[in-house]
1. If you take the residues in the range 101-137 that are in contact with a Lys or Arg (Cβ under 7 Å, 6 or more places away or on another chain) and in a loop (DSSP other than H, G, I, E, B), which one is surrounded by the most Cβ atoms within 10 Å (Cβ to Cβ)?
2. Those residues that are in a loop (DSSP other than H, G, I, E, B) and either open to solvent by less than 40 Å² (accessible area, probe 1.4 Å) or in contact with a Leu (Cβ under 7 Å, 6 or more places away or on another chain) (or both), I need them from the range 80-100; list them, please.
3. Checking S6 against (1) in contact with a Pro (Cβ under 9 Å, 6 or more places away or on another chain); (2) at pLDDT below 95; (3) within 27 Å of L145 (Cβ to Cβ): exactly one of these is not met. Which one?
4. For the range 139-154, which positions are open to solvent by 50 Å² or more (accessible area, probe 1.4 Å) and at positive phi?
5. Which of the residues that make up the range 155-174 are open to solvent by 40 Å² or more (accessible area, probe 1.4 Å) and among the acidic types (D, E)?
Amino acid sequence: MTTPGSTELLRLAQDAALAAGELAARRRAEGVQIAASKSSPEDIVTKADRETETLIRRLLAAARPDDGFFGEESEATPGTSGLTWVVDPIDGTVNYLYRIPAWAVSIAVVEGDPDPATWRTLAGAVRNPSGDELFSASVGAGAWLGESRLRVPTAAPVPLALLGTGFSYRADERLRQADVVRGLIGRVRETCARWRRAVWTSTTSAGSSPGITRRARWWPGRPGPASAASGRTGRESTW
């Protein structure tokens, strides 16, 4: 297998994320329609999620027809190149639905077996249309916010840290997670559950959020884009 240069893959991820972000933002302005629910009635899928993922799939297939595709809203498609594109078209769908400007398009390309645990991320991009931000990274080239190189700053003392977190769509899991937050909230400056994980990991790399906790159950594709665009800061903790 001949792996293309990370620059080529990165450029494709960036272009697809920008186009998808533009479409999703336009659909948000026009009005959002719920298409279905997934793990629970609260775990929604909008028509914009599906339309955005379809656009991303089409753009990637046109450029690299032999690659696999693993999207959150559609059936996975195996490839023959050894590479797979991992996509969350709208990370933060509930925020998107309620017009909370805290959602993102997340795209990465990985190599490895079909098992996500074996994947190695090669390049990825996270587009935050609300903030006009494009986070990206590739192997050997570091992590970037637009044209600015990202470097994780020195860790803040725990009492001065902003802790980003998220909660499950399942009520029983949320109760357990609330117990974890209760044990942390008196030890840090503030906690925030507004952003979804793709942007939290990216802003941690940019120095905006010193720490992240995440729920223990998550869609298996999400670590690819998040890790690629954040540079894997190593400051996440699993509940």
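1. W103
2. Of everything in the range 80-100, those that are in a loop (DSSP other than H, G, I, E, B) and either open to solvent by less than 40 Å² (accessible area, probe 1.4 Å) or in contact with a Leu (Cβ under 7 Å, 6 or more places away or on another chain) (or both) turn out to be S81, G82, G92.
3. Every condition holds for S6 apart from (1).
4. G140
5. Residue satisfying the conditions is D172 alone.
The values are calculated or read from the model by the stated rules, or taken from the named source; none is laboratory data. Since the model is a prediction, treat every value here as computed from it, not as a measurement. Please note: Cβ atoms are built from the backbone with ideal geometry, for glycine as well, and neighbour counts cover all protein chains shown. Heads up: the accessible areas ignore ligands, DNA and RNA and are worked out on the full protein's heavy atoms, side chains in. Shrake-Rupley method; radii C 1.70, N 1.55, O 1.52, S 1.80 Å.
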